[in-house]
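For reference, the structure discussed in these notes is given below.
The values are calculated or read from the model by the stated rules, or taken from the named source; none is laboratory data. Note that this is a predicted model, so its numbers are computed, not measured. Note: ideal-geometry Cβ built from the backbone for every residue, glycine included; neighbour counts use all protein chains shown. Each accessible area value is taken on the protein alone, full model and side chains, heavy atoms only, with ligands, DNA and RNA left out. Shrake-Rupley method; radii C 1.70, N 1.55, O 1.52, S 1.80 Å.
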Amino acid sequence: MIQDRLNTALYGARRSPIREFSRLASRTPDCVRLTLGEPDFETPEPIRQAAGEALARGETHYIENCGTAELREKIAAFEKKRGGLDYAPDEVIVTVGATEAIFTALFGILNPGDEVIVPIPAFVLYERIIGLCRAVFVPLDTREDGFQINGEKLAGLISPRTKAIILNSPNNPTGCVYSGESLRAVRRAAEGKDIFVLCDDVYNQLCYTGPCRGFAEESADLKPQVLVVQSFSKPYAMTGWRMGYLLAERRICERLALLHQFMVTSSAAPFQRACVAALDQDPGEMVREYRRRRDYVLERLRGMKLQVQVPEGAFYVFPSIAEFGLDSTAFCTRLLQEARVAVTPGLCFGADDHVRISCCCGEESLRKGMDRLESFIETAFRGGGHGR
Ligand code: PMP
């Protein structure tokens, strides 16, 4: 059948289970949805205005493949000021969201059979793209190490086929920020070898412990090995604009730019100005609000005696459900059907004994969600009966 004659890599790839679960939730009436990782704030007005003005001026034609010079200069200056990163404007590719940046980076470095080490729990996209590249996803389970990277375990996974290590800090779904020790472990594993470190830093402006310093900042001398993925989606509530960028050392950037050019030519012209305006915005108020929500959810989960680690960034809380003896899909399905709360099964991130609660909704929804979760746990597992 012609339908069976597509690229075989696509038959192994599934649709995102997060979206599938969200769809199920959207068909459940009066459901509190704590699933999608999408800021509930409006894109700030100056950003929308810049896009409107660009459209009104007729900036609607092809632009440079890697983004306008103005935006790439702005990004280079922004990264220098924020974390001391040293990238020239021609070491920046403005991409269609971080999603395209991850695709461009991985497709650009991977050959079939190459191995990529990914600390799990992890954002589902990495495994999917690694699969499409016919490379090998090598998970490094961090659950017993407080979601940090254990140097010995990492060293044990390095092989002659290791091409890259992917770091996502602050992490989706755990909210964990990698410690100095974790970053040094990665450095020991990669230094002196032809191993790339892909830093998915899309949440690094949403950090509760002060300015976030990741691998790229701490190991600036390894720049040729480092690829940095960034997004406008999270810090500026711009998920629908599909704007992000990739930073890479010049010679690598030149090659990766070809791939970007073949796939998308460039990101959208009128949004270049919007992104210049975005980089002048301070996401501080949103971060304070996410922190208040995180604190509230943590307090409630602790009240339910759930095991949970304090997230230091991003907007997720990731409690363990191991004590209930159900896998995460069964737990989430029952929670949805019996209590009308949608949270994401940890299975989607490679951790079937956890669930992800997203704090991207207002206080009222969070309170309702936590009330319902609490009475579900009481009724279903602890023999109580005091529903709220
Ligand atoms: N990386 C991580 C860790 C994410 O959580 C997401 C979005 N959920 C992305 C990348 C993709 O972001 P974008 O909207 O910029 O494609």
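Some values worked out for this structure:
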{"quantity": "Residue check, residue 133 of a type outside the set (Val, Ile, Thr), out of contact with any strand residue (DSSP E or B) (no Cβ under 8 Å at 6 or more places or on another chain) and within 28 Å of residue 239 (Cα to Cα)", "calculated": "yes"}
{"quantity": "Members of region 225-244 found to be in contact with a Ser or Thr (Cβ under 6 Å, 6 or more places away or on another chain) and hydroxyl-bearing (Ser, Thr, Tyr), listed by number", "calculated": "233, 239"}
{"quantity": "Wholly enclosed helices (runs of 4 or more DSSP H) of region 1-109 bearing at least 1 residues at pLDDT 95 or above and of a type outside the set (Lys, Arg)", "calculated": "45-56, 69-83, 97-109"}
{"quantity": "Those helices (runs of 4 or more DSSP H) lying entirely in region 204-280 with at least 2 residues over 16 Å from the mean Cα position of the chain (by Cα), among the small types (Gly, Ala, Ser) and closer than 21 Å to residue 168 by Cβ", "calculated": "none"}
{"quantity": "Extreme residue, nearest to the ligand (Cβ to nearest atom), among residues of region 110-132 that are part of a helix (DSSP H, G or I) and of a type outside the set (Ser, Thr, Tyr)", "calculated": "125"}
{"quantity": "Residues satisfying the stated conditions in region 189-220, i.e. small (Gly, Ala, Ser) and touching a helix residue (DSSP H, G or I) at 6+ places or on another chain (Cβ under 9 Å)", "calculated": "189, 190, 214, 216, 219"}
{"quantity": "Residue 242 vs. criteria within 16 Å of the ligand (Cβ to nearest atom) and either open to solvent by 70 Å² or more (accessible area, probe 1.4 Å) or not assigned by TED's automatic domain parsing to the domain that holds residue 77 (or both)", "calculated": "yes"}
{"quantity": "Residue in region 333-343 that is of a type outside the set (D, E, K, R), in the same structural domain as residue 23 (by TED's automatic domain parsing), open to solvent by less than 50 Å² (accessible area, probe 1.4 Å) and part of a strand (DSSP E or B) present", "calculated": "yes"}
{"quantity": "Region 344-366, subset touching a residue at least 40 places away in the same chain (Cβ under 8 Å) and in a helix (DSSP H, G or I), residue surrounded by the most Cβ atoms within 10 Å (Cβ to Cβ)", "calculated": "346"}
{"quantity": "Selection from region 157-176 of residues that are under 26 Å from residue 346 (Cα atoms), away from the ligand (no atom under 13 Å from the Cβ) and touching a Phe, Trp or Tyr at 6+ places or on another chain (Cβ under 7 Å)", "calculated": "164"}
{"quantity": "Those residues of region 223-232 which are farther than 11 Å from residue 200 by Cα and in contact with a strand residue (DSSP E or B) (Cβ under 7 Å, 6 or more places away or on another chain), in sequence order", "calculated": "225, 232"}
{"quantity": "Residue match in region 177-198 (condition: within 16 Å of the ligand (Cβ to nearest atom), within 26 Å of residue 18 (Cβ to Cβ) and open to solvent by 10 Å² or more (accessible area, probe 1.4 Å))", "calculated": "yes"}
